[in-house]
1. Run residue 54 past the list (1) touching a Ser or Thr at 6+ places or on another chain (Cβ under 9 Å); (2) among the aliphatic types (A, V, I, L, M); (3) open to solvent by less than 60 Å² (accessible area, probe 1.4 Å) and report the number of the one that doesn't hold.
2. Does residue 39 qualify as being of a type in the set (A, V, I, L, M) and open to solvent by less than 90 Å² (accessible area, probe 1.4 Å)?
3. Select from the stretch 5-20 the residues that are within 9 Å of the chain's Cα centre (by Cα) and either outside any helix (DSSP H, G or I) or loosely packed, with under 10 Cβ neighbours inside 10 Å (or both) and list them in ascending order.
4. Could you give me the residue pairs with C-beta distances under 8 Å whose first residue belongs to the stretch 30-50 and is in contact (Cβ under 8 Å) with a residue 24 or more places away in the chain, whose second residue is surrounded by 11 or more Cβ atoms within 10 Å (Cβ to Cβ) and in a helix (DSSP H, G or I) wherever it lies, and which are 6+ apart or on separate chains?
5. Select from the stretch 27-70 the residues that are among the small types (Gly, Ala, Ser) and assigned to a helix (DSSP H, G or I) and write down the one among them that is modelled with the lowest pLDDT.
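The values are calculated or read from the model by the stated rules, or taken from the named source; none is laboratory data. Please read all numbers here as calculations on a predicted model, not as lab measurements. Please note: Cβ atoms are built from the backbone with ideal geometry, for glycine as well, and neighbour counts cover all protein chains shown. Just so you know, the surface numbers come from the protein's heavy atoms only, side chains and all, with ligands and any DNA or RNA stripped out. Shrake-Rupley method; radii C 1.70, N 1.55, O 1.52, S 1.80 Å.
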Amino acid sequence: MPRWLAHLLVVVGWLLTPVLAWGASHLGLWLGAVVALRLTSPLTMLLIAGLCALVLGFTVLWVWVRFMRRLPHLLSHHMAPRPSEEHSAIAAAD
């Protein structure tokens, strides 16, 4: 994999972070509203939906940030060596 593609993947991944958190909180709000639909009190329904949105949004955000912090290390195994590192990579393989 070319180095520029690995850097582009990292940048795009970090730019997708707010979109992913927003989508997860929206899904949590929707799931919380569906679960709380059987309740009679609108305030209780709003509280449950808001709590589900908060929990799911922060959980997905936490998992995504942990993944994005490890992404450069994961991509480094698939990148071609730099021209200055080619000789040491060949010597290490022998």
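1. Against the list (1) touching a Ser or Thr at 6+ places or on another chain (Cβ under 9 Å); (2) among the aliphatic types (A, V, I, L, M); (3) open to solvent by less than 60 Å² (accessible area, probe 1.4 Å), residue 54 comes up short only on (3).
2. yes
3. 16
4. Note: pairs meeting the criteria are 31/52; 31/56.
5. 36
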